[in-house]
Amino acid sequence: MLSFKNIAPFLSAEQNKVSRWLSYAGLGVGVLLLLCSIQMFININDLLQEKNSRKDGADFISVTKTITNENMGKDNRFTATDLKELKSQSFITDAAPLISNQFRVKASAGNIIPFSTDLFLESLDERFLDTVPPSFTWKEGQADIPIIFSSDFMEMYNVFAPSQDLPQLSDKTMSSVNIILECYTPYGVQNFRARIVALSDRINSVLVPNNFMQWANKNFGGVSQVNPSRIYIKTIDANNPQLLNFLQEKDYRVNKDKTKFGRVKQILQAIVSGLAGFGVLVILLAMLLFSFYLQLMIAKSKDNLQLLLTLGYSPKWLSKTVAKKWVPVYTTIVLSALLLTGLLQFSFQHFVMYDREELSGTMHWMVIVVAVVLLALTILTNYRLVRKLLFNLN
Amino acid sequence: MQIALQKVLPVFFEENKNDGSQVWNKIVSFSKGQNIHIIAPSGSGKTTLIHFLYGLRNDYSGHILYDANDIKHFDAEKFSIWRKQHISIVFQDLRLFPEQTILQNLEIKRVLSSFQAAENIAAMAERLGIKTKLHQLCKNCSYGEQQRAAIIRALQQPFDFLLLDEPFSHLDELNRVKAMELMEEESKKRNATIILADLREIEYFKSEITLHL
């Protein structure tokens with residue numbers, strides 16, 4: 001059976017060892033860099049995922065109009081057209097206004113907690129709420145009003161309570177506190193009993209059922225159609241550059257805190273993508289160096305190769321046989337890089353992240369797929385190059 | 001297999017140069033089993049014709065056919081198939097690997113088709129008197145020894161046609177006869193045709209057809 005061994009003495013394959021070994025090393029480093037970058041990209045994604053505020057794989061962000069010195073005195077609320085425009089954007093899945101109260105509201109906690117404050121109320125479509133207990137409903141004539149309270153407000157209260165000689169409250173006790181809502185109507189003050197039925201991590205507000213707000217605005221504030229000053233949008237990716245560009249263009253302000261992780265993620269992933277790009281560059285340079293080596297080898301063996309073709313050796317067979325010689329080398333390089341990536345991922349998860357649950361200690365399947373594709377591409381490129389060089393000899 | 005020449009003429013030939021030629025610009029065909037002797041004085045295009053027939057050059061008008069296939073349309077891959085199985089050659093300029101031994105030069109051809117057994121190389125080398133040179137680097141052998149090696153190499157494969165371009169130019173009379181005998185013997189085994197091109201008529205070559213170029 002004919003093999004590379006038969007034709008090896010006719011090729012100057014052993015020359016230019018330095019450039020050959022350099023290209024091997026370059027390929028190894030490049031592949032390792034690329035695979036590690038991909039794994040890191042996935043790690044960042046896993047580590048910086050806001051699991052709580054995400055629902056159905058979407059981000060919910062509150063949008064307001066930016067208040068500047070120029071527009072301070074004007075009406076900075078969203079019109080129906082603004083809302084329609086927001087909804088029509090491809091990167092916004094859904095949008096809903098936060099309707100605020102158009103009448104004065106004062107809240108007090110009765111005799112147990114001697115505390116009273118002017119308050120604002122808002123209502124939002126239930127689709128946008130992270131926690132909606134069954135008791136969050138209201139019927140006309142009902143004196144009890146369920147409230148969904150922001151966890152952040154609750155935290156704020158607990159921070160300043162001791163200095164005001166007020167008791168700090170746990171989530172549970174909070175729901176048992178009876179709050180008295182004093183609504184100022186044209187006909188005098190009307191009292192409601194309010195109860196906190198849920199805390200929301202997502203929405204920074206004091207939410208009441210939608211139908212109560214509409215009824216109260218109409219009856220107490222004399223307004224049936226209210227333009228909202230805040231809108232909640234639902235989007236697949238809060239860091240979509242198109243979305244951010246759109247918001248910036250319209251001079252809309254987003255809750256930056258909500259996208260803080262996203263921003264860090266974006267920056268880190270950009271850095272890692274840069275590294276991956278560098279890895280690709282190193283691979284390309286290594287391949288280029290190797291192609292120079294191959295070209296030189298074939299140029300040096302040109303007379304011999306030409307004579308082999310003259311004697312009846314098939315150029316297809318020759319290119320396959322010559323190219324095949326490097327398959328084990330390439331396989332070893334890519335496999336070593338893959339193993340090293342696996343080892344690094346394990347070490348990262350174990351020694352740097354102390355076995356955090358959201359991070360896997362093994363490589364992502366994507367990394368393995370990329371390694372296999374890289375290997376196939378390298379072998380194919382190599383084969384095509386040898387073949388081209390050999391066919392050009394004739 | 002059959003080789004046919006249909007009005008083949010080198011494009012670089014001056015006008016009237018082919019006058020009187022029995023090959024150039026004529027329709028000629030060579031069939032298996034009939035030895036052909038082409039007699040050609042210097043400069044009449046003998047080596048050119050052999051190179052045309054083997055497909056090394058294609059700067060000619062007209063057509064050369066292997067069976068019904070016009071070899072002008074062949075790529076390197078297709079030529080390799082014919083050269084491996086059907087056509088063998090002894091070049092005037094020998095074309096051996098100078099940095100390899102005589103044996104390596106013969107083996108590289110033998111292993112391509114495995115038509116001959118390995119031990120036949122030694123037997124043939126012995127017959128032509130170069131057995132002791134088998135392990136010597138080709139470039140260190142005399143031209144005559146190299147020519148015998150080139151002849152033995154041409155016999156390491158199956159063929160229908162054996163093209164010889166002045167194959168004895170560096171051999172003495174005795175070695176010429178021995179080499180011719182060996183080639184005729186091997187050709188008969190394959191029921192093949194020898195096409196021999198030389199400056200003058202070679203009396204120990206038994207040819208059915210003689211053509212003047």
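In degrees from 0 to 90, rounded to the nearest 10, what is the angle of the helix A:315-324 Cα long axis to the longest principal axis of chain A?
Roughly 60 degrees between the two axes.
As a test of the formula, what do you get for the protein assembly as shown when each DSSP H run with n ≥ 4 contributes -39,500 (n - 2.57) and the sum is divided by the residue count, at 222 nm and rounded to the nearest 500 deg cm²/dmol?
Working: 18 runs with 256 residues, N = 607.
One gets -13500 deg cm²/dmol as the mean residue ellipticity at 222 nm.
Which FRET efficiency value, to the nearest 0.05, do you get for residue B:93 and residue A:18 by plugging their Cβ-Cβ distance into 1/(1 + (r/R0)^6) with R0 = 35 Å? Please report the intermediate quantities before stating the final value.
Values: r = 36 Å, r/R0 = 1.03.
My answer for the efficiency is 0.45.
Specify the angular offset, from 0 to 90 degrees and rounded to the nearest 10, of the alpha carbon long axis of helix A:365-393 from the longest principal axis of the alpha carbons in chain A.
Once rounded, the angle reads 30 degrees.
Quick one: if you stick a label point 7 Å off each Cα along the C-beta vector at residue A:346 and residue B:189, how many nm between them?
It works out to 6.1 nm between the two label points.
So which of A:388/B:109; A:17/B:109; A:320/B:78 end up more than 18 Å apart by C-alpha?
On the way: A:388/B:109 24 Å; A:17/B:109 29 Å; A:320/B:78 16 Å.
Those over the limit are A:388/B:109; A:17/B:109.
Any chance you could check the Cα centroid distance between region A:316-339 and region B:97-142 for me, in angstrom?
If we compute the Cα centre of each part, the gap is 33 Å.
Can you give the Rg to Rh ratio of region A:59-251, both from alpha-carbon atoms, with Rh computed by the Kirkwood formula?
That ratio is 0.99, to two decimals.
Report the calculated FRET efficiency for residue B:120 and residue B:6 (r = Cβ-Cβ distance, R0 = 45 Å), to the nearest 0.05.
On the way: r = 38 Å, r/R0 = 0.83.
E(calc), rounded to 0.05, equals 0.75.
Give the percent of DSSP beta bridges with both residues in the protein assembly as shown that are antiparallel, rounded to the nearest 5.
Details: 49 of 74 bridges.
If I count the DSSP bridges inside the protein assembly as shown, around 65 percent turn out antiparallel.
Given A:1, B:122, A:382, which one lies farthest toward the positive end of the charge dipole of the protein assembly as shown, if we put +1 on the Cβ of every Lys and Arg and -1 on the Cβ of every Asp and Glu?
Checked the options; the winner is B:122.
How long are the semi-axes of the ellipsoid equivalent to chain B, from square roots of 5 times the Cα gyration tensor eigenvalues, in whole Å, largest first? Don't skip to the end; give the middle numbers.
Numbers: eigenvalues 162, 70, 52 Å².
Semi-axis lengths for chain B are 28, 19, 16 Å.
For region B:51-160, just the Cα atoms, rotate onto the principal axes and tell me the three extents in Å, largest first.
46, 26, 21
Each residue of region A:93-99 in turn: what ³J(HN,Hα) in whole Hz from Karplus with 6.51, -1.76, 1.60 and θ = phi - 60°, glycine and Pro shown as x?
6, 7, 8, 8, x, 9, 8
For residue A:284 and residue A:88, what does the FRET efficiency come to when R0 = 60 Å and r is the distance between their Cβ atoms, rounded to the nearest 0.05?
Numbers: r = 43 Å, r/R0 = 0.71.
FRET efficiency, residue A:284 to residue A:88: 0.90.
Cross-link list A:5/B:133; B:32/B:188; A:316/B:84: which exceed 18 angstrom alpha carbon to alpha carbon? Write down the numbers at each step before the final one.
Values: A:5/B:133 23 Å; B:32/B:188 11 Å; A:316/B:84 14 Å.
Pairs exceeding 18 Å: A:5/B:133.
Quick one: among B:128, B:65, B:162, which has the greatest mean-square fluctuation in a GNM of chain B with alpha-carbon springs under 10 angstrom?
Top of the fluctuation ranking is B:65.
Modelled label-to-label distance, residue A:249 and residue A:306, 7 Å Cα→beta-carbon offset: nm?
About 6.2 nm separates the two model spin labels.
At what distance in angstrom do the alpha carbon centres of region A:116-139 and region B:41-60 lie from each other?
Each part reduced to its Cα centre gives a spacing of 98 Å.
Treat each spin label as a single point 7 Å out from the Cα along the C-beta direction, and report the residue A:227 to residue B:199 distance in nm.
Calculated label separation equals 11.0 nm.
Give the average over all directions of the projected area of the C-alpha convex hull of the protein assembly as shown, one decimal, in nm².
Quarter of the Cα hull surface area: 45.7 nm².
Rule-based calculations on the coordinates, nothing more; no lab input. Not measured: the values here are computed from a predicted model. Every residue, glycine as well, gets a Cβ built from its backbone with ideal geometry; the counts of neighbours run over all protein chains shown.
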